[in-house]
Amino acid sequence: MHRAEIVQAAAQIFREKGYHATSMQDIADAVHLQKASLYHHVESKQEMLVEILNQALDRVTTDITAVVDSNLSPTEKLRLALRAYTTILTEDRDLAAVLLLEYRGLDPALRARHIARRDQVDRLWRQIVQSGIDAGEFRSVDPAMTSFALLGVQNWMITWFHKDGRLTPTQAADGFADLFLKGLLNGSEAGK
């Protein structure tokens with residue numbers, strides 16, 4: 001049994017039952033280990049939660065930073081960041097759900113560290129928005145509110161997106177991009 005398999009099983013159970021309702025016995029049963037044997041691989045449920053959250057944030061930070069650091073226009077950066085993030089949310093739904101919903105299960109000191117890391121991701125989204133404003137590609141908006149809106153729209157995908165549904169992750173991301181970049185008003189209504 002590999003630690004990665006245990007952590008992945010924990011992520012699935014945390015998504016299904018919630019962090020607080022999951023026991024170490026649940027995780028041991030899922031990976032076909034005795035509870036005592038599980039402790040040879042991991043020290044605690046809290047340790048697994050931290051590892052899952054760190055894995056998710058590492059991937060998000062790496063993928064979005066690559067977009068921010070590219071030489072693309074702010075409009076293209078926003079499109080690619082949306083694609084990257086929706087891919088992460090849809091490829092590993094267990095990891096995504098734990099990232100978005102279960103961080104509250106962290107002990108206070110660990111939660112503060114997690115939130116500080118999560119805030120780095122928010123700053124990347126704000127940076128994309130601000131660069132678009134500075135370049136004259138985006139109208140003057142509040143970058144913080146806009147990044148919250150961008151993340152909020154995408155984060156709810158964990159509740160409605162299905163791999164066998166009518167949209168691919170890229171189609172969903174492009175739809176979000178069009179909505180944010182063009183808005184709902186048609187050309188004739190935009191000037192009113």
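Numbers below:
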quantity	calculated
Descending semi-axes in whole angstrom, ellipsoid equivalent of the chain, from the Cα gyration tensor	37, 17, 13
Charged-residue dipole, Cβ positions (Lys, Arg, Asp, Glu), the range 28-77 about Cα centre, Debye nearest 20	120
Per residue convex hull volume, Cα atoms of the range 95-192, in Å³	130
Within the chain, helix-based [θ] at 222 nm, where runs of 4 or more DSSP H residues each add -39,500 (n - 2.57), nearest 500	-23000 deg cm²/dmol
Signed unit charges on C-beta, dipole axis of the chain, positive-most listed residue 85, 129, 108	129
Residue among 38, 165, 150 farthest towards the positive dipole end of the chain, charges placed on Cβ	150
Karplus-derived HN-Hα couplings along the range 18-28 (A = 6.51, B = -1.76, C = 1.60, θ = phi - 60°), whole Hz, x at Gly and Pro	x, 4, 5, 7, 8, 9, 4, 5, 4, 5, 4
In the range 79-188, the chymotrypsin sites (Phe, Trp or Tyr not before Pro) that fall in loop regions by DSSP, at most 15 other Cβ within 10 Å	156
GNM top mover of 104, 113, 59 - the chain, alpha-carbon springs below 10 Å	113
From phi via Karplus (6.51, -1.76, 1.60), per-residue ³J(HN,Hα) for the range 85-91 in Hz, x at Gly/Pro	5, 5, 5, 4, 5, 9, 6
Phi to ³J(HN,Hα) by Karplus 6.51 cos²θ - 1.76 cosθ + 1.60 over the range 158-173, Hz, x for Gly, Pro	5, 9, 10, 7, 10, 4, 9, x, 7, 10, 7, x, 5, 5, 5, 4
Residue 186 versus residue 21: modelled label distance in nm, points set 7 Å from Cα along the beta carbon direction	4.6
Unit charges at the beta carbon, dipole of the chain: most positive-side option, 25, 176, 49	176
Segment residue 58-residue 159, extension gain: residue separation times 0.36 nm, minus the distance between their alpha carbons	34.1 nm
The range 43-190, dipole about Cα centre (Lys/Arg Cβ +1, Asp/Glu Cβ -1), debye to the nearest 20	200
Computed magnitude of the charge dipole of the range 17-117 (debye, nearest 20; Cβ of K, R +1, Cβ of D, E -1)	300
Candidates per GluC sites (Glu not before Pro) in the range 2-66, loop by DSSP, up to 16 other Cβ within 10 Å	43
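Every read-out reported here was derived from the displayed coordinates using simple, explicitly stated rules and does not represent laboratory data. Note that this is a predicted model, so its numbers are computed, not measured. FYI the Cβ positions are ideal-geometry reconstructions off the backbone, even for glycines, and counts take in every protein chain you see.
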